[in-house]
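Structure record follows, encoded as structure tokens.
The values are calculated or read from the model by the stated rules, or taken from the named source; none is laboratory data. In this text, all values refer to a predicted model and were calculated from it rather than measured experimentally. Don't worry about glycine lacking a Cβ; one is built from the backbone with ideal geometry, like all the others, and counts go over all protein chains shown.
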Amino acid sequence: MRFEHLLQVNDLSDPRLPPMSRSELWRGLMLRVESPQRFPLGPDRCESRAGPADDERVRRIHYGNLRFDDRVRLDFERRIEFLPEPHGDAPPVRLTLTIEEPAPGALFLRFEDTALQGYREQAWLENDRDMLRSLRTWHADGEL
């Protein structure tokens with residue numbers, strides 16, 4: 001199965017939300033790659049290193065005693081693709097985040113998840129909204 005949703009990053013009609021640049025958004029998304037434990041419901045820890053290709057990271061993610069391995073493909077300031085290794089009987093959930101900009105400064109994040117089923121879709125949507133809230137907070141605090 002495939003699940004897709006789009007979240008608005010910059011609302012150019014709302015002056016209360018300071019707009020993020022593409023590079024600031026990218027730096028925030030890289031935090032999700034390098035330090036996912038900083039985000040709500042993130043893992044306990046994450047070990048990340050350069051992958052075999054220049055545009056890849058290899059990660060080991062720890063949730064308590066559970067360990068997950070994945071590769072992350074990076075298309076600089078455009079797309080991030082999370083490619084998990086098989087784990088037990090569960091099908092791997094591939095996640096792709098794409099930055100879209102239909103008009104100058106109007107940034108959106110498109111999330112595409114594979115292998116999701118029904119009730120999990122809402123959980124992933126809420127998790128992605130939490131991630132964007134964290135990025136906005138860090139942006140307002142000058143951390144991006």
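Considering the range 62-78, the residues that are aromatic (F, W, Y) and at pLDDT below 90 include one that is surrounded by the most Cβ atoms within 10 Å (Cβ to Cβ), namely F68.
Restricted to strands (runs of 3 or more DSSP E) entirely inside the range 1-85, those with at least 3 residues that are of a type outside the set (S, T, Y) and in contact with a helix residue (DSSP H, G or I) (Cβ under 9 Å, 6 or more places away or on another chain) are 2-8, 56-63.
Taken as a whole, the structure leaves I61 outside the set of residues that are of a type in the set (V, I, T) and in contact (Cβ under 8 Å) with a residue 40 or more places away in the chain. Examine the range 91-98 for a residue that is in a strand (DSSP E or B), surrounded by 14 or more Cβ atoms within 10 Å (Cβ to Cβ) and among the polar types (S, T, N, Q), and state whether such a residue exists. Checked against the condition, which is being in a strand (DSSP E or B), surrounded by 14 or more Cβ atoms within 10 Å (Cβ to Cβ) and among the polar types (S, T, N, Q), the range 91-98 yields at least one hit.
Among residues of the range 15-41 that are without any contact (Cβ under 8 Å) to a residue 40 or more places away in the chain, those with a beta-carbon under 7 Å from a residue that is of a type outside the set (A, V, I, L, M) and surrounded by 14 or more Cβ atoms within 10 Å (Cβ to Cβ) at least six positions away or on a different chain give the pairs E34/S48; S35/C46; P36/G42; P36/P43; P36/C46; Q37/P43; Q37/C46.
Count of the range 31-57 residues, restricted to those that are among the aliphatic types (A, V, I, L, M) and either surrounded by fewer than 16 Cβ atoms within 10 Å (Cβ to Cβ) or at positive phi (or both), is 3.
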